[in-house]
Amino acid sequence: MRKRSFLLLVFCASLLSGCYKVHRTYIIKGKWYLNSFEIDGGSTNQMNGFLDDYADGNGTYVIYMLDNGIMRGEYYTNDTVNYFTTGTWALLDTKTIQMDMDEFVDGDFKIELIDNQQMLLNSQSNQIDFFNMGEVKTVLRISREGKV
């Protein structure tokens, strides 16, 4: 009887933790706007330096977290696609997302939900291949409704 109760408890705990991960996946999937890309512990938005014409206010970077772990990034200026890339994403646990998208994003990021519309993604070792920067601390500030 004790063994059956223990197995039932383990089953219920794994079911609940799995439901939480499914719920978190549901929250993350969809269309997001990259508002800030901060590296090496600084608070300066590096998108101004990495993306042409971003600083003049006409640039928009959209991230799509799609089914089957596919992600797509699109950079627009004046409603014209200037750059796009396809990569992968996966929830490693309920608070960590692994993303491999391009030469700027390749790492495990801690998820901090600010609210239903905004999220911070923090990595202690994001691999940046641009100018052979290597592994650096990175913060991505993303939102559902465009620039904030």
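The values are calculated or read from the model by the stated rules, or taken from the named source; none is laboratory data. In this text, all values refer to a predicted model and were calculated from it rather than measured experimentally. Virtual Cβ from ideal backbone geometry, glycine too; neighbours counted across all protein chains shown.
One residue is enough: does the stretch 3-18 have a residue meeting the conditions modelled with pLDDT under 90, of a type in the set (Lys, Arg) and over 21 Å from Ile97 (Cβ atoms)? Yes, that holds for at least one residue. Any residue at all in the stretch 132-148 that's more than 19 Å from Phe50 (Cα to Cα), among the hydrophobic types (A, V, I, L, M, F, W, C), surrounded by fewer than 16 Cβ atoms within 10 Å (Cβ to Cβ) and out of contact with any helix residue (DSSP H, G or I) (no Cβ under 7 Å at 6 or more places or on another chain)? Scanning the stretch 132-148 turns up at least one residue that is more than 19 Å from Phe50 (Cα to Cα), among the hydrophobic types (A, V, I, L, M, F, W, C), surrounded by fewer than 16 Cβ atoms within 10 Å (Cβ to Cβ) and out of contact with any helix residue (DSSP H, G or I) (no Cβ under 7 Å at 6 or more places or on another chain). The set of residues from the stretch 78-96 being in contact with a helix residue (DSSP H, G or I) (Cβ under 7 Å, 6 or more places away or on another chain) and modelled with pLDDT of 90 or more comprises Thr88, Trp89, Ala90, Leu91.
Here Tyr54 clears all of (1) in contact with a strand residue (DSSP E or B) (Cβ under 7 Å, 6 or more places away or on another chain); (2) farther than 23 Å from Ile28 by Cβ except the condition numbered (1). If you go through the stretch 88-137 and pick out every residue that is over 11 Å from the mean Cα position of the chain (by Cα), more than 17 Å from Gly30 (Cα to Cα) and part of a strand (DSSP E or B), you end up with 11. Under the condition of being out of contact with any helix residue (DSSP H, G or I) (no Cβ under 9 Å at 6 or more places or on another chain) and closer than 16 Å to Asp102 by Cα, the residues counted in the stretch 48-65 number 4.
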